[in-house]
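**Student:** Quick one: this structure, given as structure tokens, is what I'll be asking you about.
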Amino acid sequence: SYSFCTLLDWGETEKKKKKMSDLPPMRTDDKAARMLSALKNENKHEVVPVWAMRQAGRYLPEYMKFTEGTEFFYNCQTPERAMEITVQPVRLDIDAAILFSDILIVPQAMGMDVKMCPGKGPQFTAPMSVVGDISSVVDPLVEKFGEAAVKNSSKLIHDPSSQIGKSLVESVAYTKTALNLIRKNLDGKIPLIGFTGAPWTLMCYMTEGSSKPSYAGARRWFFEAPEKAQELLGLITNTCLEVLLQQIEAGAQIIQLFESHGGEITPECFEKYELPCLELIAKTIKTLHPEIPVILFARNCLHSLEKCFASSFDAVSIDCNTSLTTACTFAKKYGKAVQGNLDPCVLYASPEEITKVTHAMLAEAASVMGTTPSGVPASYVANLGWGMLPSHKPESLQTFIDAVHSYGKK
């Protein structure tokens, strides 16, 4: 059943708070504060905050040199290397760092084997390709944890004492070490973002085995085996939630869920099957860690965009095919923040054109969201509508960042 319940272990919470107090505190200047100010609707910042999805990656020469001859997940799973890659784009004056990791650590935590193959992307050794058959994942979990615990973990509740998620995510505890190292490296200059994929997006990969054009194989589950679809989404949700709570415990100061494939399903399926999963994740984090802003990247989710803004997320990040005015209108209605949504291909334009298009985007946001006392768009974070591309030049991202930072200055 889609009920919400959460059990608070206050002793455990206090221990985690003490551990986090060992990390460097955030500085008090505008650079350090602007991301959190915008996402929390405080709007005390003087400059528009900006970062870019996939800002640590193949477009950076230093990334290519550092990762040459290494396997992708090796870099994710080696904390010192993940730290080095995470902080590489800091030189471009970004306003937040995002953990170098991958959304597919969630299925790995659930026992699935996946590799990142150059030129092909993620490849699962044994995906759940038969509609309705989740035995390849569930049976080993039942053997290890017992049928009752696994069954309870598929329900949309949060009860760590009777669910398996907290045990599963110990296998990806390397992210805790990486986040700790990154926080110390950043030294409070900018906040650190943790993330996972959203349950439906992860279900696409876990059932299809790789990137597919429309994920029809995954979509079939909602019509051929709806109960098994709910069970699988529940298990994924439980694991996602515990990964995110683990990241917060280790030092993540902002959380983002990547719903990359939400536009592939109907609004009816999205709202019946996926939205309750997203709501549980956001609401649980906001209950346990009210100080942590939670962002939903809702790619191509215009069909359910208002419901995304009406949910417990603090902000919705939109893709470049979604109207910024429409998103800002919903954000204003529900008291939320907006993130986005420059077309990444704008970064192939001249510096003058990048600046012109960026300033127009910020002006559009300000026209709906209003402005801070300093005259920049309120409750708004600049970003791309999707991630950096390998053929981008760092100088073009720098131009975008500089254009954002210069907006409103005389």
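The values are calculated or read from the model by the stated rules, or taken from the named source; none is laboratory data. Bear in mind that the values here come from a model prediction, so they are computed numbers and not experimental data. A quick note on method: Cβ atoms are made from the backbone with ideal geometry, for glycine too, and the neighbour counts reach across all protein chains shown. To get the accessible areas, we keep the full protein, side chains included, count just its heavy atoms, and leave off ligands, DNA and RNA. Shrake-Rupley method; radii C 1.70, N 1.55, O 1.52, S 1.80 Å.
**Student:** How many residues, within the range 50-94, are within 25 Å of residue 35 (Cα to Cα) and among the acidic types (Asp, Glu)?
**Tutor:** Residues in the range 50-94 being within 25 Å of residue 35 (Cα to Cα) and among the acidic types (Asp, Glu): 2 in total.
**Student:** Given the options 105, 157, 94, name the one that is under 30 Å from residue 402 (Cα atoms), open to solvent by less than 30 Å² (accessible area, probe 1.4 Å) and among the β-branched types (Val, Ile, Thr). Before you say what the answer is, go through the steps one by one.
**Tutor:** Values: 105 fails: under 30 Å from residue 402 (Cα atoms); 157 fails: under 30 Å from residue 402 (Cα atoms).
Sole residue among the options that is under 30 Å from residue 402 (Cα atoms), open to solvent by less than 30 Å² (accessible area, probe 1.4 Å) and among the β-branched types (Val, Ile, Thr): 94.
**Student:** Restricting attention to the range 43-71, report how many residues are under 22 Å from the mean Cα position of the chain (by Cα) and closer than 24 Å to residue 313 by Cβ.
**Tutor:** If we filter the range 43-71 for residues that are under 22 Å from the mean Cα position of the chain (by Cα), which is where we start, we get 48-60, 63.
Those still in the list that are closer than 24 Å to residue 313 by Cβ too: 48-56.
Residues meeting the conditions: 9.
**Student:** Just name the residue that is nearest to residue 233 (Cα to Cα) out of those in the range 267-296 that are among the charged types (D, E, K, R) and in a helix (DSSP H, G or I).
**Tutor:** Residues of the range 267-296 among the charged types (D, E, K, R): 268, 271-272, 274, 279, 283, 286, 291.
Now drop any that are not in a helix (DSSP H, G or I), which leaves 268, 271-272, 274, 279, 283, 286.
On the way: 268: 16, 271: 13, 272: 12, 274: 8, 279: 13, 283: 17, 286: 21 Å.
Only one residue fits best here, namely 274.
**Student:** Pairs please, first residue from the range 157-175 and within 30 Å of residue 84 (Cα to Cα) and of a type in the set (Lys, Arg), second anywhere and part of a helix (DSSP H, G or I) and open to solvent by less than 30 Å² (accessible area, probe 1.4 Å), Cβ atoms under 6 Å, 6+ apart in sequence or on different chains.
**Tutor:** Sorted first by the residue in the range 157-175, then by its partner, the pairs are 166/242.
**Student:** Any idea which of 151, 155 is in a loop (DSSP other than H, G, I, E, B) and more than 14 Å from residue 246 (Cβ to Cβ)? Don't jump to the end; show me each part of the working.
**Tutor:** Details: 151 fails: in a loop (DSSP other than H, G, I, E, B).
Selected residue: 155, the only one of 151, 155 that is in a loop (DSSP other than H, G, I, E, B) and more than 14 Å from residue 246 (Cβ to Cβ).
**Student:** So residue 300 clears everything in (1) open to solvent by less than 10 Å² (accessible area, probe 1.4 Å); (2) outside any helix (DSSP H, G or I) except one condition, right? Which one?
**Tutor:** For residue 300, the failing item is (1).
**Student:** Same structure, new question: Among the numbered criteria (1) more than 23 Å from residue 61 (Cα to Cα); (2) open to solvent by 10 Å² or more (accessible area, probe 1.4 Å); (3) not in a helix (DSSP H, G or I), which one does residue 338 miss?
**Tutor:** Just one mismatch for residue 338, condition (2).
**Student:** Among the numbered conditions (1) under 20 Å from the mean Cα position of the chain (by Cα); (2) in contact (Cβ under 8 Å) with a residue 60 or more places away in the chain; (3) part of a loop (DSSP other than H, G, I, E, B), tell me where residue 112 comes up short.
**Tutor:** So residue 112 meets the others, but not (1).
**Student:** I would also like to ask the following. Can you find even one residue in the range 280-288 that is open to solvent by less than 10 Å² (accessible area, probe 1.4 Å) and in contact with an Asp or Glu (Cβ under 9 Å, 6 or more places away or on another chain)?
**Tutor:** So far as the range 280-288 goes, yes, one or more of its residues are open to solvent by less than 10 Å² (accessible area, probe 1.4 Å) and in contact with an Asp or Glu (Cβ under 9 Å, 6 or more places away or on another chain).
**Student:** Let me ask something additional. Being surrounded by fewer than 19 Cβ atoms within 10 Å (Cβ to Cβ) and either touching a Cys at 6+ places or on another chain (Cβ under 8 Å) or not basic (Lys, Arg) (or both) is the filter here, so list the residues in the range 347-366 that pass it. Quick ask: steps written out before the conclusion?
**Tutor:** Our first condition is that a residue be surrounded by fewer than 19 Cβ atoms within 10 Å (Cβ to Cβ); within the range 347-366, this holds for 348-353, 355-357, 359-360, 363-364.
348, 349, 350, 351, 352, 353, 355, 357, 359, 360, 363, 364, listed by residue number.
**Student:** Six or more apart or on different chains, Cβ under 8 Å: which pairs go from a residue in the range 227-251 that's over 15 Å from residue 200 (Cβ atoms) to one that's modelled with pLDDT under 95? Could you list them?
**Tutor:** As it stands, the answer is 249/16; 249/19; 249/20; 251/20, since those pairs meet every condition given.
**Student:** Can you work out which of the residues in the range 303-314 that are of a type in the set (Gly, Ala, Ser) and assigned to a helix (DSSP H, G or I) is least open to solvent (accessible area, probe 1.4 Å)? Please lay out each step first, then the result.
**Tutor:** Taking the range 303-314 first, the residues of a type in the set (Gly, Ala, Ser) are 304, 310-312.
Checking which are assigned to a helix (DSSP H, G or I) leaves us with 304, 310.
Working: 304: 3, 310: 55 Å².
Filtering first and then ranking leaves 304.
**Student:** Further, regarding this structure: Please determine, by comparing only the residues of the range 319-351 that are among the aliphatic types (A, V, I, L, M) and under 24 Å from residue 289 (Cβ atoms), which one is farthest from the chain's Cα centre (by Cα).
**Tutor:** So in the range 319-351, the residues among the aliphatic types (A, V, I, L, M) come out as 324, 327, 331, 337-338, 342, 346-347, 349.
Then drop every residue that is not under 24 Å from residue 289 (Cβ atoms), which leaves 331, 337-338.
Numbers: 331: 19, 337: 15, 338: 14 Å.
Looking at residues that are among the aliphatic types (A, V, I, L, M) and under 24 Å from residue 289 (Cβ atoms), I get 331.
**Student:** Another question about this same structure. Only residues that are among the basic types (Lys, Arg) and either buried (at least 19 other Cβ atoms within 10 Å of the Cβ) or under 16 Å from the mean Cα position of the chain (by Cα) (or both): list them for the range 177-225, please. Step through it out loud before you land on a result.
**Tutor:** Let us first name the residues in the range 177-225 that are among the basic types (Lys, Arg), namely 183-184, 189, 212, 219-220.
Once the filter is applied, which keeps residues that are among the basic types (Lys, Arg) and either buried (at least 19 other Cβ atoms within 10 Å of the Cβ) or under 16 Å from the mean Cα position of the chain (by Cα) (or both), the range 177-225 yields 183, 219.
**Student:** Here's another thing I want to ask about it. Return the pair list, or none, for Cβ contacts closer than 9 Å from residues in the range 44-64 that are more than 18 Å from residue 81 (Cβ to Cβ) to residues that are at pLDDT below 95 and open to solvent by 10 Å² or more (accessible area, probe 1.4 Å), at least 6 apart or on different chains.
**Tutor:** 46/408; 47/408; 47/409; 48/408
**Student:** Then there's this: Which fully enclosed helices (runs of 4 or more DSSP H) of the range 25-87 have 1 or more residues being open to solvent by less than 30 Å² (accessible area, probe 1.4 Å) and in contact with a strand residue (DSSP E or B) (Cβ under 8 Å, 6 or more places away or on another chain)? Don't jump to the end; show me each part of the working.
**Tutor:** Numbers: elements: 30-39, 61-67, 72-77, 79-87.
Filter on the range 25-87 gives 30-39, 72-77, 79-87.
**Student:** Look at residue 150 and say whether it is over 28 Å from residue 85 (Cα atoms) and open to solvent by less than 10 Å² (accessible area, probe 1.4 Å). Don't jump to the end; show me each part of the working.
**Tutor:** Working: over 28 Å from residue 85 (Cα atoms): yes; open to solvent by less than 10 Å² (accessible area, probe 1.4 Å): yes.
Criteria met by residue 150.
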